[in-house]
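Report on one structure; see the data block that follows.
Just so it is clear, none of the values below were taken in a lab; they were calculated from the coordinates. Only a predicted model underlies this, so the values are computations on that prediction, with no experimental measurement involved. Cβ coordinates were reconstructed from backbone atoms using ideal geometry, including for glycine residues, and neighbour counts include every protein chain displayed.
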Ligand SMILES: Cc1ncc(COP(=O)(O)O)c(C=O)c1O
């Protein structure tokens, strides 16, 4: 057991940050690979030259799918400038953000509802559709907040088994809905968490637009901006075609790197929005968060940079996982899901000894590990630690 390792063995398994700091990027990453990454972006990637040197007090945090870049510099400045005005409610600013988000999704302003992060969106969207004999249908492996809130509302949870490699079985989910007599709330996360994979939006569209009776679809697209797969598109396109059985949930916590400022929103039909609005404290949102979100929406340079940095980090991690022969799923997000080389608890502990915090257990995928993608510099450190642990036969 790793937790029982004696001190000298612990030391042996800890990759020296001093040694790492002395290495150039090209020693860690093949020169060709580094050049290829840099060529793929129009602007320079400063953090690719900086291999980080974490320590116990300042570990690399790859356990909550946060955005390690930090928020857009312009949005950050706006948030700072907003602090002296934060004795006021964001009454004037919220309609501006509403309007901007309506434009972004090509819907009317009354089709947007601001929430305190998408967690509030998940809770309030479920609350709005609780009826007698309602089942909450989810894939067996997905983001846990939906199930958490559905249980609080005493809904029957119906978990549908996944296909190989944790792919979402849309047909299975459809059958689970068809075989239920009462109302169904279907909660789907696309791309999914913790698997990082997408399902084909057109397959969902066929089902949603067939208007199955007694069914509402809550689609959580927290990570959509990171997707590269062309078979993915947002369900906002169904909503702006008039589909009223779908609720889209969005957040500023991921691509916008604003997790701590708590801004999210719901997109749906005007009637659904009115219904869901009864369950949120949405007229009173974080003042600094609202101001920053509005600026971040318009900082297209930062948003492109944020995505590209994740692409680069993913590339580094894919290379390391392939080298180590660790099976991973094709990631469309700012995190990756791979087969754990050893018992997950021990793996987590070993990484922690090297100042890297990785994901928790995700039932039922107990042999798999979720690692969020930090900055490229952080991922270079992680990749190197993993290689060294392999050399020591620890993983
Ligand atoms: C799929 C998904 N939805 C929603 C959330 C909640 O995000 P927030 O409440 O910060 O917007 C998360 C957070 O990790 C998530 O992974």
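Taking the C-alpha atoms only, the angle from helix 376-391 to the longest principal axis of the chain is near 60 degrees.
Here the spin labels are modelled as points 7 Å beyond Cα on the Cα-Cβ line, and at residue 271 and residue 301 they lie 4.6 nm apart. Net length available on complete extension from residue 92 to residue 367 is 94.1 nm, with 0.36 nm assigned per residue and the Cα-Cα distance removed.
Could you work out how far apart the two model spin labels at residue 53 and residue 206 are, taking each label as a point 7 Å from the Cα in the direction of the beta carbon, and quote it in nm? About 5.7 nm, to one decimal.
Taking a point 7 Å from the Cα of residue 167 along the Cα-to-Cβ direction, the residues of region 196-217 with backbone N closer than 20 Å to it are 196-208. DSSP bridge analysis restricted to the chain gives an antiparallel fraction near 45%, rounded to the nearest 5. Using a cutoff of 8 angstrom between alpha carbon atoms and counting only pairs six or more residues apart, the relative contact order for the chain works out to 26 percent. Each peptide among 265-272, 386-393, 114-121 gets the average number of other Cβ atoms lying within 10 Å of its residues, and from highest to lowest they stand as 114-121, 265-272, 386-393. Dividing the summed -39500 (n - 2.57) terms of all DSSP H runs of n ≥ 4 by the residue count of the chain sets its mean residue ellipticity at 222 nm at -12000 deg cm²/dmol. The eigenvalues of the Cα gyration tensor, multiplied by 5 and square-rooted, give the chain an equivalent ellipsoid with semi-axes of 37, 26, 19 Å from largest to smallest. Relative intensity of region 73-298 on a log10 scale, I(q)/I(0) at q = 0.10, 0.14, 0.18 Å⁻¹, equals -0.43, -0.84, -1.35, per a Debye sum over C-alpha point scatterers of equal strength in the absence of solvent. In plain terms, the chain from residue 99 to residue 175 could stretch by 23.5 nm, reckoned as 0.36 nm per residue minus the Cα-Cα distance.
Helix 300-323 and the long axis of the chain differ in direction by around 50°, with both axes built from C-alpha atoms. For the chain, the longest principal axis of the alpha carbon atoms and the long axis of helix 344-353 meet at an angle near 60°.
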